[in-house]
1. At a Cα cut-off below 16 Å, give the lysines reachable from residue 32, other chains included and same-chain residues fewer than 8 away excluded.
2. Picking from 24, 140, 160, whose Cα lies most toward the positive end of the charge dipole for the chain (charges on Cβ: Lys, Arg +1; Asp, Glu -1)?
3. Determine the sum of side-chain charges near residue 150: Lys and Arg each +1, Asp and Glu each -1, restricted to other residues whose C-beta is under 13 angstrom from that of residue 150.
4. If you take the beta carbon distance between residue 43 and residue 64 as r and set R0 to 22 Å, what does 1/(1 + (r/R0)^6) give as a FRET efficiency, to the nearest 0.05?
5. Skip the ligands, DNA and RNA, and give the accessible area per residue of region 1-149 with a 1.4 Å probe, whole Å².
6. Report, to the nearest whole %, how much of the accessible area of region 110-221 belongs to carbon and sulfur atoms, 1.4 Å probe, protein only.
7. Cα extents of region 152-213 along the three principal axes, largest first, in whole Å?
8. Once you place label points 7 Å from the Cα toward the Cβ at residue 86 and residue 111, how far apart are they in nm?
Amino acid sequence: MATARNISRFWEWGRKIICVGRNYADHAKELKNAVPTEPILFLKPPSAYVKEGSPILVPLYTSDLHHEVELGVVIGKGGTSIPQADAMEHVAGYALCLDMTARDIQDQCKSKGLPWTMAKAFNTSCPVSEFIPKENIPDPSDVKLWLKVNDQLRQSGCTSQMIFSIPFLISYISDFITLEEGDLILTGTPKGVSAVQEHDELQAGIEDVLTMTFKVNRLEL
Ligand SMILES: O=C([O-])CC(=O)C(=O)O
Ligand SMILES: [Mg+2]
């Protein structure tokens, strides 16, 4: 007998992960990138998800794996060409996410004009918290995000600093990628990205809503 799918386990559904890059001016500047005038988008596959209790695995081909703490928006109602005014009706809730990035590989891809797939879409590149029901974050345009590595604060930002708002992003993306229930939008990272090493412990949080912890491991050959 088929069991009903529950949005609170959206990461098991095999749906899209759509990521927004350079959505915070302070992060665009720290990597010496221009502040965008239109959203920069890339994708991660559902195989990128990892949940607390399992480690983040450093790909063998990188020596500069970075953390990026981000607010994730979980789509509850699909749609195409969603007007900005209706966008929040399509949101089921949120998740705290890390956009793990092989920065050395991303730099190589950027200099060659190649896509970022190897830098951004590898297994365990999307650590994700428990599902956060919409009611628990009444104003997603004003929540604080933070990340510590081995108890040292590295990132601390507020979603009020986003260049493109959540309703704008939902509308913009849905004009050319149909959004489906269970999709996740990663809304970009504030400044403070830095490298992590094997055995590091990452702890991240959204204000007083939730915290999550991940260990970093090397992939065994
Ligand atoms: O790799 C980058 O700098 C782009 C990105 O994902 C972000 O800004 O969150
Ligand atoms: Mg990112």
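1. Residue 32 reaches 110, 191.
2. Looking along the dipole axis, the top candidate is 24.
3. Numbers: positive: 148, 154, 215; negative: 151, 198, 200, 201.
Once positives and negatives cancel, what remains is -1.
4. Details: r = 22 Å, r/R0 = 0.99.
Efficiency computed from Cβ-Cβ geometry: 0.50.
5. Numbers: 6640 Å² over 149 residues.
Accessible surface, normalised per residue, equals 45 Å².
6. Numbers: 2680 of 5430 Å².
Answer for region 110-221: carbon and sulfur cover 49 percent of the accessible area.
7. Ordered largest first, region 152-213 gives principal extents of 41, 24, 23 Å.
8. My value for the distance between the label points is 4.7 nm.
The values are calculated or read from the model by the stated rules, or taken from the named source; none is laboratory data. Keep in mind that what you see is a predicted model, and the values were worked out from it rather than measured. Note that we place each Cβ from the backbone using ideal geometry, even for glycine, and neighbour counts take in every protein chain shown. Just the protein is used for accessible areas: all its heavy atoms, side chains included, with ligands, DNA and RNA removed. Shrake-Rupley method; radii C 1.70, N 1.55, O 1.52, S 1.80 Å.
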